[in-house]
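The values are calculated or read from the model by the stated rules, or taken from the named source; none is laboratory data. This structure is a prediction, so every number in the text was calculated from the model and none was measured. When we count neighbours, we look across all protein chains shown, and the Cβ atoms used for this are built from the backbone with ideal geometry, even at glycine.
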Amino acid sequence: MKEVNDPEAVLTAQNLMHCYMLRMDNHDLEGVLELLHDDCAIDYGDFGFYDGKDEVEGFLDDYMHGKTGILDSFHLGINPWITTDGDTATGRWHFLDLGHIEEIGAAWLAGFYEIEFTKDGDEWFIEKLTYDAKYLSPYDEGWVEEPMAMA
């Protein structure tokens, strides 16, 4: 395995992703938006694709006010894998979420995040975020009995 070529960029990407998850859990809309590049795109899979900061803000505002069917969540991002190339970086995380979904109640959400980061001036931002769901399951039934409850 090659040595990490830019450890500062790797740590910054990890911190940026941690801030994203924490601010999502705290329903801190302005805090999340300041982490996103103006030309960002977010692909939440079954929860929609949003191109540009204005579209993302509209979705996140609805999310944080319980209008998307996701009433609450607790993000756990584990196993980060980050590569860097100058002013860009790509990170991948396994994702586990303890969620409260309107149609389900308590739920497990699990999947993968892939994030593209960009450095603009001396600041790093999330440029593209993709969530690839593996499970969206009722807590009491689990992912074996019902792997994709809303599919």
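Figure legend. Inter-residue proximity from region 10-32: first residues closer than 18 Å to Leu71 by Cβ and free of Cβ contacts under 8 Å to residues at least 40 places away in the same chain, second residues of a type in the set (D, E, K, R) and in a helix (DSSP H, G or I), beta-carbon distance below 7 Å, spacing 6+ or different chains. Indicated pairs: Leu29/Asp61; Val32/Arg23. Within region 70-81, which residues are modelled with pLDDT of 95 or more, surrounded by 16 or more Cβ atoms within 10 Å (Cβ to Cβ) and either farther than 18 Å from Leu36 by Cβ or among the basic types (Lys, Arg) (or both)? Scanning region 70-81 gives a single hit, Pro80. Candidates in region 31-47 are the residues that are surrounded by 14 or more Cβ atoms within 10 Å (Cβ to Cβ), of a type outside the set (A, V, I, L, M, F, W, C) and modelled with pLDDT of 95 or more; of these, the one that is farthest from Tyr20 (Cα to Cα) is Asp43.
Lys53 meets the conditions (1) touching a strand residue (DSSP E or B) at 6+ places or on another chain (Cβ under 8 Å); (2) under 29 Å from Asp140 (Cα atoms); (3) basic (Lys, Arg) in every case but one. The failed one is (2). Filtered by the rule that a residue be under 11 Å from the mean Cα position of the chain (by Cα) and either at positive phi or aromatic (Phe, Trp, Tyr) (or both), region 67-108 gives Trp93, Phe95.
One residue stands out among those in region 107-123 that are small (Gly, Ala, Ser) and surrounded by 12 or more Cβ atoms within 10 Å (Cβ to Cβ): the one that is farthest from Thr12 (Cα to Cα), which is Ala107. With a requirement of 2 or more residues that are in contact (Cβ under 8 Å) with a residue 24 or more places away in the chain, the strands (runs of 3 or more DSSP E) lying completely within region 47-151 that satisfy it span 70-85, 88-101, 105-120, 123-138. Scanning region 1-30 for residues that are under 26 Å from His100 (Cα atoms), surrounded by 15 or more Cβ atoms within 10 Å (Cβ to Cβ) and of a type in the set (A, V, I, L, M) yields Leu16, Met17, Met21, Met24, Leu29. Can you name the number of the only condition in (1) over 21 Å from Asp140 (Cβ atoms); (2) modelled with pLDDT under 95; (3) not acidic (Asp, Glu) that Thr90 fails? Exception for Thr90: condition (2).
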